[in-house]
Amino acid sequence: MVYTPITPQSHETIDPIRDHGRGPAPTTVVIVEDHVMMAEGLRTSVNQAADIDVVGLAASLRAAVELIGVLRPDVVVLDHPLPDGEAPDVIPLLRAVHPDVKVLVISGLIDQRSVVQTFEAGADGYLLKSEPVEMLTSGIRAIQRGDRALSPSLLTNLITCVARTEGPGDRLTRRQEDVLQCLADGMSAEAICTHLRLSHNTVRNHTQRILVRLGAHSKLEAVTIALREGLVHGPGQQRSRAG
């Protein structure tokens with residue numbers, strides 16, 4: 001996989017006059033961002049490019065799935081994390097309703113694990129929110145033409161992280177770790193839903209992915225592996241793994 005570092009200088013100069021009646025159709029974009037003011041600001045800024053058209057905004061995962069299924073945009077700009085989901089779990093849901101959509105994640109998280117898990121889940125790009133908006137438009141163009149977009153400051157760390165051997169816990173998202181700890185505490189599915197304020201479908205999906213990522217065949221085996229690896233703690237114990 002080739003990762004294309006995106007820089008402000010890499011974006012093309014675009015005629016600010018938007019004319020959809022001539023030339024190639026613009027790249028259609030849906031922005032998924034739970035902060036409304038930021039989402040509106042991104043839409044205004046991105047729409048300055050004549051070759052990109054923001055056709056919708058969504059403030060949650062549920063709204064995003066519905067909107068993308070109807071509008072079928074070329075690109076989704078996805079905030080990470082959202083209140084109701086993290087990118088590694090959200091991306092497969094978006095692709096389930098629109099398999100051809102490209103996903104560009106924007107985030108304030110700079111840790112290697114977040115970046116690697118996001119790309120493993122199928123992201124086409126990962127940009128930091130601290131970057132100028134020109135990088136976002138450049139990233140949209142890059143993934144639309146089949147490249148991968150990545151903030152330059154993340155590239156070295158990403159290569160280093162991919163090169164090392166991962167442990168079981170590196171394959172779990174933070175929310176999956178929460179669900180796994182609840183399983184270790186002996187909670188039922190209903191209790192986990194209440195405790196973490198998640199739907200039954202979300203808890204079921206997290207549990208299934210935990211089993212796959214830990215190579216377990218049952219919840220009991222998953223908890224056994226997690227206790228052995230220090231991914232969770234037993235009742236009355238402190239978790240041995242930094243998380």
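The values are calculated or read from the model by the stated rules, or taken from the named source; none is laboratory data. Note that the structure is a prediction, hence the values are computed from the model and not measured. Cβ: placed from backbone, ideal geometry, glycine included. Neighbour counts: every protein chain shown.
Tabulated results
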item	result
Top-ranked residue in the stretch 131-154 [being out of contact with any helix residue (DSSP H, G or I) (no Cβ under 9 Å at 6 or more places or on another chain) and among the polar types (S, T, N, Q); ranked as surrounded by the fewest Cβ atoms within 10 Å (Cβ to Cβ)]	Ser153
Yes/no for Glu12 being assigned to a helix (DSSP H, G or I) and either at pLDDT 90 or above or touching a helix residue (DSSP H, G or I) at 6+ places or on another chain (Cβ under 8 Å) (or both)	no
From Thr224, Thr207, Thr194, residue being over 25 Å from Gln112 (Cβ atoms), surrounded by fewer than 15 Cβ atoms within 10 Å (Cβ to Cβ) and at pLDDT 85 or above	Thr194
Filter pass, Leu183 being modelled with pLDDT of 85 or more, assigned by TED's automatic domain parsing to the domain that holds Glu40 and either of a type outside the set (Val, Ile, Thr) or out of contact with any helix residue (DSSP H, G or I) (no Cβ under 8 Å at 6 or more places or on another chain) (or both)	no
Identity of the residue in the stretch 209-231, of a type in the set (Lys, Arg) and within 25 Å of the chain's Cα centre (by Cα), that ends up nearest to Leu93 (Cα to Cα)	Arg209
Per-region count, the stretch 114-138, residues under 15 Å from the mean Cα position of the chain (by Cα) and in a helix (DSSP H, G or I)	7
Contacts under 8 angstrom Cβ, first residue in the stretch 117-131 being closer than 13 Å to Leu172 by Cβ, partner of a type in the set (S, T, N, Q) and assigned to a loop (DSSP other than H, G, I, E, B), 6 or more apart	Gln117/Thr173
Candidate set from the stretch 29-51 (those that are surrounded by fewer than 22 Cβ atoms within 10 Å (Cβ to Cβ) and aliphatic (A, V, I, L, M)); member that is farthest from Pro99 (Cα to Cα)	Met37
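Here is a yes/no grid of residues against (1) assigned to a loop (DSSP other than H, G, I, E, B); (2) in contact (Cβ under 8 Å) with a residue 60 or more places away in the chain; (3) under 20 Å from Glu134 (Cβ atoms); (4) of a type in the set (S, T, N, Q):
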{"site": "Thr44", "(1), (2), (3), (4)": "no, no, yes, yes"}
{"site": "Ala50", "(1), (2), (3), (4)": "yes, no, yes, no"}
{"site": "Val55", "(1), (2), (3), (4)": "no, no, no, no"}
{"site": "Arg62", "(1), (2), (3), (4)": "no, no, no, no"}
{"site": "Leu78", "(1), (2), (3), (4)": "no, no, yes, no"}
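For every residue, the table says whether it meets (1) in the same structural domain as Leu128 (by TED's automatic domain parsing); (2) in contact with a helix residue (DSSP H, G or I) (Cβ under 6 Å, 6 or more places away or on another chain); (3) at pLDDT 90 or above.
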site	(1), (2), (3)
Arg18	yes, no, no
Asn47	yes, no, yes
Pro88	yes, yes, no
Val105	yes, yes, yes
